[in-house]
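Student: Structure incoming, see below.
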Amino acid sequence: MRGAVLSLWVSLVLCCWFLGWAGGVEGQDTARVQTQVRQTGPVARGREVEENREEVMMDDPGVEVEESKPKKKKSPAEVEEARAKKAAEREAKAKKQKAPKAPKATKAPKKPKATKAPKATKAPKATKAPKKPKATKAPKATKALKVTKPKATKDSKTTGRKDEVVEPVAKRPTLEEEEEKLLIELGWDRLIPPVTPKEPQEPGQDRRPSGSTPPSAGSKTLTEHDQDYWDAKPDRERTTTEVIMYVPEETTVPPMPWYEEYDYADLAAKKLEEEAEKARKEKEEKVERLRKMWEEEEEERLRQIPLHAESKKCPPLGLESHRVDDDQLLASSQSHHGFSAQRGRLNMQSSGDDDGVYGGAWCAEPEENNHWFEVDARREVEFTGVIVQGRNSDTVEDFVSTFHVSFSNDSRDWTVLHDGYAEWLFYGNVDRDTPVMVQFDWPIVARYIRILPQSWNGSLCLRAEVMACQLPSSFRSENEVHPTDDLDYRHHNYKDMRQMMKVINEECPNITRIYNIGKSSAGLKMYAMEISDNPGEHQIGEPEFRYTAGLHGNEALGRELLLLLMQFMCKEYNDDNPRVRRLVEGVRIHLVPSLNPDAYELAYEMGSEMGNWGLGHWTEEGYDIFQNFPDLNSVLWGAEDRGWVPRIVPNHHIPLPENFLNGSVALETKAVINWMERTPFVLGANLQGGEKVVAYPFDMQRPPRAAGTLGSRRGSRPGMDHEMNEETWARMQRQNGDALRETADDTMFRWLAMSYAHSHLTMTETQRGSCHTDDISGGQGIINRASWKPVAGSMNDFSYLHTNCFELSVFLGCDKFPHESELPLEWENNREALLSFIEQVHRGIKGIVRDMEGNPLANATISVEGIKHDVKTAAAGDYWRLLNPGEYRVMARAEGHTPQTRLCMVGYDSGATPCSFTLAKSNWDRIKQIMDLHGKRPIRLVTKAPPQAGSDISGGAIGSMNTTKADTGGRAADSQNAKNLRRLRLMRLRQLRLRRLRANLSTTTTVATTTTTPAPTTTADLVTESTTSWYDSWFPVESSYTEPTQAEILTEIQESEPTQDYIFDYKFDDY
């Protein structure tokens, strides 16, 4: 029996496949047949016939279909009787049935057996025979199978069966497994969607599809409905077609009207065209997607060849800072001598003359074809980039626009940097001043590097810097300097600087104090740190010292050195360093790291090496702080030319010009001036950059008109100052060049400058020349600013002429804004110089000026014989006067007090020599009243001493006086007519006579008296005597001249000897 079932199943599958192929042709006919069936016969009769046919199909497969065909047509009464009998049998069977016979649903595949009836319609199949390739549309057959399954389940659930039919139920699952295997072998398992089985029904419940009639009960045999079965043969064909037409209800394709005249060939062609169009679009989309993906990958590959997270950053090799020597630079050619390869350093400055000896860049010979600029690192390094810049000039715009870069290890075989496709072309400058950095995606290890210009603007001129890292080495170079101090070696912006100073103050609160001297144009505070054993107070006898930096914002090295000095002194003081403790306890030190914080922030944003020479040089308002002070030099020199110094204009503490502070003065300059005036500084230095030298005053050169008399009116002629031409001025410069630039303390300034320069590790190494020209310091590392780059209104000149402070400018190096990696080296170079210069504040003399009651005298004037520059005492009466070793006669003067002179010795030992003064009050007020009564002229009171008999001096003295009297008799008679000339002549004769008398007295005393002691060799006793008769020799008496006696001459000599060289150069108001 199983074999029959299998054969029937195989035939069923083949029939379904065949119907699926022919279903499209027969769909329209079956639809029309279905309509005719429903219209011609009664609905109940058609349904009964269909049920009867189904029951026959569900019977034993061994029964032949031909035997079940009826012989004649049944009458309506027989049909009704059969229907009633079936209903009764079905009810009886339902009562006997205890469980739903779901497995009988497997008989559903038998139902498509009825599709054999349409075989009569083979004519359409024959016409469609050439379309055998349409077998791929097998899923249409699955539609018939899919529909037959619900029909079978309905029949199996609602139709009663006899007991013998239930026996093969246990074997049905095996049949399903075989069916699934058969479907898998035919490949239909992927085409037929699984049908979810319906839940089993309870006995007595029937689930009917809409439009169906209740089936009859019991199992009907062939003899019971033979006539009816065969009479319904035409309807059978239509009914089978109707069953197949249930397929569109479960397909996803929306129902479409079917017509007989539908051209299926056009439908197939249209479907093929649609499929081809879809495939073409998919191919185009894929190509476009692949093209975009390729472009993105190509852009990414060009950006990173090979892929690196970030390019390596290295410090500069040292072209700008001159760590790279001149012999390490080479070029293909040069336009002329002033534009050699050695001029191709970053930020190289020209001499001002475009055709001069010192050009502002390397410039190539225009007739050459192959141009290159080469740098030798002297050993293999990692090159990571280059910085290029145009030519420094005020008239032309010369710079390189594009260039290649090549490398070599032997200077013969060169490899041009490649980007994967071609030689890598780098873009350079667009102007002459702004530096442009190009970085390589990966470091190149080599010894030599060349820049190969490809295009340029104007002439081919170039300034450059090379970025390179040193390879790790197991040995140290001879010239390497490794720092020994654990300090913060990095650049600090405004916020970091303030935080750093705060940290230092917290670590050393007992010796540090933070304060600000004012605000900048943008409102930033100019912070200062005081380092002293008693911060915040001025101690009597303790000098004040200052270091300032950052006058130009782009000169960052001085700023960082002062921050390092703060850290160093705090750390060493806590570690009991004796030298640092001596400085802290003996000097009140003020450190101002940034006087121009606004400009520094601008330069800091650009970074090291990327700011040009002028970026951040000026303040926010456009002022150069160093040159923004009042010009007091012209005031002093003009007064000297007129003979007003020191009677009318003093040679020190020259007051500010009127309305100066209301003019074009920066806020930073005003703050610095107020800071200088309220603090009695003795010594100071401002740290700058761009050169390596120490410059001392004067910073301004004396103009021709003021230099006409060279500070004296004796050799002047009327109109000489106004008639001086350029030739005369040039000759005077050659003859008296130093006199036009030197200060009264020139020797002291030179010593102070040398103390810093010679303590610096590299400042005196001038064999390579200076930063931009040949050596300007003569191998000493120091220079007078007026002979180098004269400027008017400098901070140094103002400090010297307006205060007691001696200030210099220290230019720390060629690179204004060095890289952070160079800060440890720069600290080691400058550390000893910074400390040594502070110690120079103790060089000279110091003391306190008091009155007879011990009260300090403020603003007392301290004058040193032979130096035409005085200083004043501070509010506590103390003073400091910087002097080189030697012996000096020092005078102290104060208003309402009698001047006093002392001899002070300055030795070579460390520490200033004490030299204090105690001044007595004078009756100068009474003298002024008498002078007012007599027309402001002093009255000479001559007291004649009685002659001494037996004196050996009288003879010689009278003889000497007779000779003098004979010489001067005629002159006195001729001077009666010219009052002023007579007064001057008498003063000169009086001085000459006094010198001769001293010489004669010393000679006669030695000859006549053997017991007379020799003249004293020291003036210690004379220094302490008060000078009360100085005004007696100021103006001579206008009456007839009378010859003094010998006793009067001796008395006058003794009284005037302490001030014999003081030549009435002061007015009364000075005292």
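Student: Just give me the residues in region 611-634 being open to solvent by 40 Å² or more (accessible area, probe 1.4 Å) and assigned to a loop (DSSP other than H, G, I, E, B), in sequence order.
Tutor: Let us first name the residues in region 611-634 that are open to solvent by 40 Å² or more (accessible area, probe 1.4 Å), namely 612-613, 615, 618, 620-623, 627, 631, 634.
Answer for region 611-634, where residues must be open to solvent by 40 Å² or more (accessible area, probe 1.4 Å) and assigned to a loop (DSSP other than H, G, I, E, B): Asn612, Trp613, Leu615, Trp618, Glu620, Glu621, Gly622, Tyr623, Asp631.
Student: Taking Thr484, is it open to solvent by 70 Å² or more (accessible area, probe 1.4 Å) and in contact with a helix residue (DSSP H, G or I) (Cβ under 9 Å, 6 or more places away or on another chain)?
Tutor: The answer is yes for Thr484.
Student: For the condition crowded, with 16+ Cβ neighbours inside 10 Å, in contact with a Lys or Arg (Cβ under 7 Å, 6 or more places away or on another chain) and aromatic (Phe, Trp, Tyr), what is the one hit in Tyr448, Tyr527, Tyr494, Tyr489? Quick ask: steps written out before the conclusion?
Tutor: Working: Tyr448 fails: in contact with a Lys or Arg (Cβ under 7 Å, 6 or more places away or on another chain); Tyr494 fails: in contact with a Lys or Arg (Cβ under 7 Å, 6 or more places away or on another chain); Tyr489 fails: in contact with a Lys or Arg (Cβ under 7 Å, 6 or more places away or on another chain).
One residue alone meets the criteria, Tyr527.
Student: State yes or no: is Glu542 free of Cβ contacts under 8 Å to residues at least 12 places away in the same chain and among the charged types (D, E, K, R)? Don't jump to the end; show me each part of the working.
Tutor: Values: free of Cβ contacts under 8 Å to residues at least 12 places away in the same chain: no; among the charged types (D, E, K, R): yes.
Criteria not met by Glu542.
Student: Could you grab me the full set of residues in region 806-827 that are open to solvent by 20 Å² or more (accessible area, probe 1.4 Å) and assigned to a helix (DSSP H, G or I)?
Tutor: Glu820, Ser821, Pro824, Leu825, Glu826
Student: Condition first: buried (at least 21 other Cβ atoms within 10 Å of the Cβ) and assigned to a loop (DSSP other than H, G, I, E, B). Can you find one or more residues in region 331-341 that meet it?
Tutor: no
Student: All but one of (1) over 23 Å from Glu822 (Cβ atoms); (2) open to solvent by less than 90 Å² (accessible area, probe 1.4 Å); (3) out of contact with any strand residue (DSSP E or B) (no Cβ under 7 Å at 6 or more places or on another chain); (4) free of Cβ contacts under 8 Å to residues at least 60 places away in the same chain hold for Tyr358; which doesn't?
Tutor: The number of the failed condition is (4).
Student: Among the residues of region 77-102, how many are exposed (fewer than 13 other Cβ atoms within 10 Å of the Cβ) and modelled with pLDDT under 75?
Tutor: Here the count works out to 4.
Student: Also, I was wondering about something else. Just to check your reading of the model, which residue among Ile511, Ile504 is farther than 20 Å from Ala549 by Cβ and of a type in the set (A, V, I, L, M, F, W, C)?
Tutor: Details: Ile504 fails: farther than 20 Å from Ala549 by Cβ.
When all the criteria are applied, what remains is Ile511.
Student: So, in region 777-801, how many residues would count as being hydroxyl-bearing (Ser, Thr, Tyr) and either in contact with a Cys (Cβ under 9 Å, 6 or more places away or on another chain) or open to solvent by 10 Å² or more (accessible area, probe 1.4 Å) (or both)?
Tutor: 3
Student: Now, a different point. Yes or no: Ser350 out of contact with any strand residue (DSSP E or B) (no Cβ under 8 Å at 6 or more places or on another chain) and either part of a strand (DSSP E or B) or under 16 Å from Leu462 (Cα atoms) (or both)? Explain how you work it out, then say what you get.
Tutor: Details: out of contact with any strand residue (DSSP E or B) (no Cβ under 8 Å at 6 or more places or on another chain): yes; either part of a strand (DSSP E or B) or under 16 Å from Leu462 (Cα atoms) (or both): yes.
It is true that Ser350 is out of contact with any strand residue (DSSP E or B) (no Cβ under 8 Å at 6 or more places or on another chain) and either part of a strand (DSSP E or B) or under 16 Å from Leu462 (Cα atoms) (or both).
Student: Here's another thing I want to ask about it. Residues that are over 16 Å from Asn633 (Cβ atoms), surrounded by 17 or more Cβ atoms within 10 Å (Cβ to Cβ), charged (D, E, K, R) and modelled with pLDDT of 60 or more: does region 692-707 have at least one? Don't jump to the end; show me each part of the working.
Tutor: First pass over region 692-707, keeping only residues over 16 Å from Asn633 (Cβ atoms): 692-694.
Within this subset, residues satisfying the condition of being surrounded by 17 or more Cβ atoms within 10 Å (Cβ to Cβ) are 692-694.
When the remaining residues are screened for being charged (D, E, K, R), the result is 692.
The next check asks that each one be modelled with pLDDT of 60 or more; those that pass are 692.
Looking for residues that are over 16 Å from Asn633 (Cβ atoms), surrounded by 17 or more Cβ atoms within 10 Å (Cβ to Cβ), charged (D, E, K, R) and modelled with pLDDT of 60 or more, one finds at least one in region 692-707, hence yes.
Student: Moving on. Looking at (1) of a type in the set (A, V, I, L, M, F, W, C); (2) more than 28 Å from Glu560 (Cβ to Cβ); (3) in a helix (DSSP H, G or I); (4) touching a strand residue (DSSP E or B) at 6+ places or on another chain (Cβ under 6 Å), find the lone condition where Ala786 falls short.
Tutor: Condition (4) is where Ala786 drops out.
Student: Can you spot a residue in region 574-595 that is under 19 Å from Ile673 (Cβ atoms), open to solvent by 10 Å² or more (accessible area, probe 1.4 Å) and of a type outside the set (Ser, Thr, Tyr)?
Tutor: Checking region 574-595: not a single residue is under 19 Å from Ile673 (Cβ atoms), open to solvent by 10 Å² or more (accessible area, probe 1.4 Å) and of a type outside the set (Ser, Thr, Tyr).
Student: Exactly one of (1) within 28 Å of Gln840 (Cα to Cα); (2) of a type outside the set (Asp, Glu); (3) open to solvent by 50 Å² or more (accessible area, probe 1.4 Å) is unmet by Leu557. Its number?
Tutor: (3)
Student: Something else now. Based on this model, can you work out whether Glu365 counts as acidic (Asp, Glu), more than 31 Å from the chain's Cα centre (by Cα), farther than 24 Å from Gly689 by Cβ and surrounded by 14 or more Cβ atoms within 10 Å (Cβ to Cβ)? I'd like the intermediate steps shown before the answer.
Tutor: Working: acidic (Asp, Glu): yes; more than 31 Å from the chain's Cα centre (by Cα): yes; farther than 24 Å from Gly689 by Cβ: yes; surrounded by 14 or more Cβ atoms within 10 Å (Cβ to Cβ): yes.
So Glu365 fits the description; yes.
Student: Select, from His758, His722, the only residue that is open to solvent by 60 Å² or more (accessible area, probe 1.4 Å) and modelled with pLDDT of 90 or more. Outline the logic, then answer.
Tutor: Numbers: His722 fails: modelled with pLDDT of 90 or more.
Residue meeting the stated conditions: His758.
Student: Let me ask something else. Which one of the conditions (1) over 32 Å from the mean Cα position of the chain (by Cα); (2) over 23 Å from Gly550 (Cα atoms) does Phe749 fail to meet, given that it meets all the rest?
Tutor: So Phe749 meets the others, but not (2).
Student: Which residue, of Leu290, Leu307, Leu302, Leu317, is open to solvent by 70 Å² or more (accessible area, probe 1.4 Å), at pLDDT 85 or above and not charged (D, E, K, R)? Even if it seems obvious, please write down each step before you answer.
Tutor: Values: Leu307 fails: at pLDDT 85 or above; Leu302 fails: at pLDDT 85 or above; Leu317 fails: open to solvent by 70 Å² or more (accessible area, probe 1.4 Å).
Of the residues listed, the single one that is open to solvent by 70 Å² or more (accessible area, probe 1.4 Å), at pLDDT 85 or above and not charged (D, E, K, R) is Leu290.
Student: Give region 360-408 a look and list any residue that's touching a helix residue (DSSP H, G or I) at 6+ places or on another chain (Cβ under 6 Å) and more than 24 Å from Asn612 (Cβ to Cβ), or say none.
Tutor: Asp376
Student: List the number of the failed condition for Ala556; all other conditions in (1) within 19 Å of Arg498 (Cβ to Cβ); (2) free of Cβ contacts under 8 Å to residues at least 12 places away in the same chain hold.
Tutor: All conditions pass for Ala556, except number (2).
Student: Only one of Asp441, Asp431 is under 21 Å from Met610 (Cα atoms), surrounded by fewer than 13 Cβ atoms within 10 Å (Cβ to Cβ) and under 29 Å from the mean Cα position of the chain (by Cα). Can you tell me which? Please lay out each step first, then the result.
Tutor: Working: Asp441 fails: surrounded by fewer than 13 Cβ atoms within 10 Å (Cβ to Cβ).
Result: Asp431 is the single residue among Asp441, Asp431 that is under 21 Å from Met610 (Cα atoms), surrounded by fewer than 13 Cβ atoms within 10 Å (Cβ to Cβ) and under 29 Å from the mean Cα position of the chain (by Cα).
The values are calculated or read from the model by the stated rules, or taken from the named source; none is laboratory data. All of these numbers come straight from a predicted model, not from anything done at the bench. As a convention, Cβ positions derive from the backbone with ideal geometry for all residues, glycine included, and neighbour counts pool all protein chains shown. With ligands, DNA and RNA removed, areas are computed over all heavy atoms of the protein, side chains included. Shrake-Rupley method; radii C 1.70, N 1.55, O 1.52, S 1.80 Å.
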